[in-house]
Structures are given as C-alpha cells and as structure tokens.
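> Following this message is one structure expressed as structure tokens.
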Amino acid sequence: PLRRQRQMCIRDSGKTNGYLAIALIVLGILPIVLALFIVPQLPDAIATQFDSAGNATRWMSRTDLIYVPVLCLLLSGATCLTAFRQARLSLDSEVVAGLTFRRYIRNGLVTSVIINVLNGYMMFSAATGTAFLPF
C-alpha cells in the first residue's frame, strides 16, 4: 500500500509539473501575441517616459517595444530547458527530480508574471500616450 501511494504521488506530481511547464510556456508566448496586435497600430515614435505632470520626456521607436516580449519568451524557454536538464541530472530519486523541476518552473513563472505585468504597462502607456505611474 505504501509503495502504491508513493507511485500515485509521483504521478500526480508529474501532472502538476506538466501543467506548470505549460503555464510557463503560455506566459512566454503571451507578450509576443500582445505585441503583434498592438505594435503595428502605434505611431512610429512613442512616448516612453513622463514627468509628474504627465508630459512626455523621452521618445523611442515603436519597434523597440518588441525587446521585452522576446526577452520573456527566451527566459521562459531557457527556464524550461534548464528545469528538464537539472531534473534529468538528479539521480537520487524521482521525487527529488520532480521537486527540482517544480522549483525551476515556479521561479520561471514568477519571473514571467513580473515581465508580463511590466510589458502590459509599457504597451498601455505606448497605446494611450499617457502613464499612470510618473517614471
């Protein structure tokens, strides 16, 4: 009974790890999709920095908004590859491999969520020409 319970725990952990990996990949692709819809509709020069009165103080090309989504995609992909590699190198047991994989994927998820929020803020500021945070 204990062995069977351990096998079920490992199987459930594998499913959870798979769902987390899929979530990380989706969060890596999401900013690219957002950029594909928003960037072509923007003017050639967009405001990127605003003073406390809401006036634009710095301008850049609209194509520069692609850097953050590409960075998010690369970081998500690299995190997935590193998680798989480190889990495979974990020769102790399947449980340790699963926990190693989950730790890497969770860290990638936190990073991707932060980058997605920042990317959303940048896209909103560029599309509206205003900022609700004065920096």
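The values are calculated or read from the model by the stated rules, or taken from the named source; none is laboratory data. Note that the structure is a prediction, hence the values are computed from the model and not measured. Reconstructed Cβ throughout: ideal geometry from the backbone, glycine too, with neighbour counts over all protein chains shown. Just the protein is used for accessible areas: all its heavy atoms, side chains included, with ligands, DNA and RNA removed. Shrake-Rupley method; radii C 1.70, N 1.55, O 1.52, S 1.80 Å.
> Taking the residues in region 113-125 that are in contact (Cβ under 8 Å) with a residue 24 or more places away in the chain and within 8 Å of the chain's Cα centre (by Cα) as candidates, determine which candidate is farthest from residue 39 (Cα to Cα).
The qualifying residue farthest from residue 39 (Cα to Cα) is 113.
> In region 21-48, which residues are over 15 Å from residue 121 (Cβ atoms) and touching a Cys at 6+ places or on another chain (Cβ under 7 Å)?
The answer is 21, 24, 25, 28.
> Just checking, does region 63-73 include any residue being in a strand (DSSP E or B) and open to solvent by less than 60 Å² (accessible area, probe 1.4 Å)?
Within region 63-73 (the criterion being in a strand (DSSP E or B) and open to solvent by less than 60 Å² (accessible area, probe 1.4 Å)), the answer is no, since none of the residues qualifies.
> Let me ask something additional. List the pairs whose first member sits in region 94-112 and is more than 11 Å from residue 27 (Cβ to Cβ) and of a type in the set (Ser, Thr, Tyr), whose second member is in a helix (DSSP H, G or I) and open to solvent by less than 60 Å² (accessible area, probe 1.4 Å), and whose Cβ atoms are under 8 Å apart, counting only residues at least 6 apart or on separate chains?
What qualifies is 100/83; 100/86; 100/87; 104/79; 104/82; 104/83; 104/86; 104/87.
> Take residue 105 and decide whether it is modelled with pLDDT of 85 or more, among the hydrophobic types (A, V, I, L, M, F, W, C) and within 30 Å of residue 15 (Cα to Cα).
Here the answer is yes, as residue 105 does meet what is asked.
> Would you mind finding the one in 19, 104 that is surrounded by 15 or more Cβ atoms within 10 Å (Cβ to Cβ), of a type in the set (Phe, Trp, Tyr) and over 30 Å from residue 130 (Cβ atoms)?
104
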